[in-house]
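Here is the structure we will look at, set down as structure tokens.
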Amino acid sequence: MLANRNTAILFLFLFLSMHSVAQHRVGLQIIGGVNQMETDWNTELETYTLLLAPYAAFGAFYQYELSEHWTTGCDVQFQQLYAKEKVGIPLRDQNNQVMGEIYNTYNRQFLYYSMPVYIAYSWEDWQIQVGWQTSWLLGSSARLRSEFTENGTLVQSDIRYDDVPIKDLDFGPRFGLAYQITDRWQIESLCYQGIAQVALDNARWEARFWHVGLGVRYGLGVLR
């Protein structure tokens, strides 16, 4: 985990200390949007609701111009993801008869260090990107709120966890579309679909991330 942090700091330092030349572009970016952790529970559920949750990222980017229209790039980002879902689990008596429902609300938070790499095609002020994103987990936490009725009495609980049982690595395809506003400013829209199954093998569920976002880039060197 410490190595991941040191690598992130090193890349940020290199990106920000580079001097732009004709075929190189470096700069900063910030992104906001929504995400979901699509969960498949390996247990019987009465009800299930998957909600949209906020997503944010900030970092630096580097692009190298291959030709008039083609560019290759790499971003270094810290990504904050949230996940929220409501799950209804059958409440059974000693005879295994359903006597009600336990309502669980899960709120999870994840911090990732991510490195999207991509190739881009530019025309006029537009740029379309196709690439791949790999992310390493830096930390996670969760909050579980539960309630059910037993013998006419409402029973509630609120538990916090310091970590979530998920794997350290996430990856999947990434797509982007950027528009040049000025010599230094771009707006961009991004879409990511994780294909890695991130829940630990002994977890009761499987999960994959996806997120979409809208952001801005500021070039420390002159952008196209």
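Taking 19 Å as the cut-off, the amide N atoms of the stretch 73-92 that come nearer than this to a point 7 Å along the Cα-to-beta-carbon line of Asn107 belong to 80-88. Positive contributions from Lys and Arg (+1) and negative ones from Asp and Glu (-1), summed over other residues with Cβ under 9 Å from the Cβ of Gln129, come out at 0. Calculated on the alpha-carbon coordinates, the convex hull of the stretch 26-222 measures out at 117 cubic angstrom per residue. Near Leu190: Cβ cut-off under 14 Å, other residues only, Lys/Arg at +1 and Asp/Glu at -1. The net charge is 0.
Farthest toward the positive end of the dipole of the chain, out of Gly100, Val130, Thr149, is the Cα of Val130, where the dipole comes from beta carbon charges about the Cα centre.
Against the main long axis of the alpha-carbon atoms of the chain, helix 2-17 sits at an angle near 30°. When Trp126, Trp136 are compared by accessible area of protein heavy atoms, the largest-first order is Trp126, Trp136, using a 1.4 Å probe.
Under the simplified labelling scheme, the Met99-Ser157 pair shows an inter-label distance of 1.6 nm, with each label point 7 Å from Cα along Cα→Cβ. Once the 1.4 Å probe is applied to the protein heavy atoms, the chain comes out at 53 Å² accessible per residue.
Summarising the label geometry, the points placed 7 Å from Cα in the beta-carbon direction at Thr72 and Thr49 lie 4.8 nm from one another. The distance between label points at Trp123 and Asp201 comes to 4.8 nm (points 7 Å beyond Cα on the Cα→Cβ vector).
Ignoring ligands, DNA and RNA, what percent of the accessible area of the stretch 26-222 is carbon or sulfur (1.4 Å)? Write out the running numbers ahead of the final one.
Details: 5530 of 9980 Å².
Looking at the stretch 26-222 in its full context, I get 55 percent from C and S.
The heavy atoms of Trp185 offer some 110 square angstrom of accessible surface to a 1.4 angstrom probe.
The values are calculated or read from the model by the stated rules, or taken from the named source; none is laboratory data. Here the structure is a predicted model, which is why all the values come from computation and not from measurement. In this analysis, Cβ positions are derived from the backbone assuming ideal geometry, glycine residues included, and neighbour counts consider all displayed protein chains. When the accessible area is computed, the model is the full protein with side chains, heavy atoms only, and any ligands, DNA or RNA have been set aside. Shrake-Rupley method; radii C 1.70, N 1.55, O 1.52, S 1.80 Å.
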